[in-house]
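Computed from the coordinates by the stated procedures, all read-outs in this text should not be read as laboratory data. Bear in mind the structure is a predicted one, so any value in this text is a computation, not a measurement. Quick reminder, even Gly has a Cβ in these numbers, built from the backbone with ideal geometry, and neighbours come from all protein chains shown.
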Amino acid sequence: MIEEARRRAYLTAMQVVSWLPRSVLPFAAPSRAELLQPLPEPQPQVVAPVVAAAPAAVREEAPAPRPSVEVPRPAVQMPKPMIKAEPAATEEDTPAPTRATPVAPPRFALQLLRAGDCALLVELPTGESFQSRDPAYLLLKDLLRAAGLPDSPQQVGDGSPIRWPLLSRGNLDQGPDAARDYVQGVLAGQLESQPCACLWLVGLPAVRFAGEADAEAFNRELTIDGLGAAWALPGLELLMDEPERKRELWQAMRRVMQRWKPSA
């Protein structure tokens, strides 16, 4: 049993225009009424046979080949793939360029002092110059006496603190790198005119922006390009809040004292 479409293709190849089945065919389309009418007698057609001359060399006549019947198959059209057009990019879809988040400028106040053969860059806890009765200033005097230095440090230059940021407004770069360059520039100018045996960096801002180090460098010696040998100390306010730090400070001081007191 074959499908109706293939059956019709076979009949068309055999040039059969109409036909009637003896019984109901499965998968066949219903018959039309006009096809059930009797057909007129066909007139015979006389076709003259075409005789081809056989070659003399052929002794036996070859059997005629059977005509081949090509059964046309319905062409199956494959569906064409649909190409989905990409939507045009709009201004809303285009990501906005990321902008670097501006870094808030650091804020600190440092005082540059001189005690014997040492220069001291000290963080000002209140942001203002030391007063004679300030607890932080009294602690600084104790440190100088323990180090064998004069306990009345002198201000350098006009005595104005080194403050940052320089401006409260404006587009001037006042980030950490600019603060470091500014502090080191001021120190280089002062130490060039009056060199010292050792530079004390008292407090984290002094250690960070003059010594390019962090709190890990407390109680250690540093070598700074253009400034020479330095010693990093915790801030005066930190020493008052955490007195247990003083013991490590005294031990470190005994090792560093040889820089300004060779006989120690």
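For segment 136-264, the pair-distance distribution built from all alpha carbon pairs, in bins 5 Å wide starting at 0, is 2, 9, 18, 22, 22, 15, 7, 3, 1, 0, 0 percent.
Listed values for segment 139-145 are Karplus-derived 3J(HN,Hα) couplings in whole Hz (6.51 cos²θ - 1.76 cosθ + 1.60, θ = phi - 60°), namely 5, 5, 5, 5, 5, 5, 5, and x replaces Gly and Pro. Computed 3J(HN,Hα) for segment 202-213, one whole-Hz value per residue from the Karplus formula 6.51 cos²θ - 1.76 cosθ + 1.60 where θ = phi - 60°, is 9, x, 4, x, 5, 5, 6, 9, 9, x, 6, 9, glycine and proline marked x.
Across segment 106-122, coupling constants 3J(HN,Hα) worked out from phi with the 6.51/-1.76/1.60 Karplus curve, θ = phi - 60°, read x, 10, 6, 9, 10, 10, 9, 10, 9, 9, x, 9, 10, 9, 10, 9, 10 Hz, and Gly and Pro carry x.
Per residue, the average separation of C-alpha pairs within less than 8 Å and at least 6 apart gives segment 108-259 a relative contact order of 25 percent.
Summarising the amide proton neighbourhood of Gly235: residues at separation of 5 or more, or on other chains, whose placed amide H is nearer than 5 Å comprise Gly203, Leu204. If you take all other residues with their beta carbon under 13 Å from the beta carbon of Trp250, and give Lys and Arg +1 and Asp and Glu -1, the sum is +3. Counted by Cβ distance under 10 Å from Asp117, the other residues give a net charge of +3, where Lys and Arg count +1 and Asp and Glu count -1. Each label was represented as a point 7 Å from its Cα along the Cα-to-Cβ direction; for Asp151 and Lys261 these points are 1.3 nm apart.
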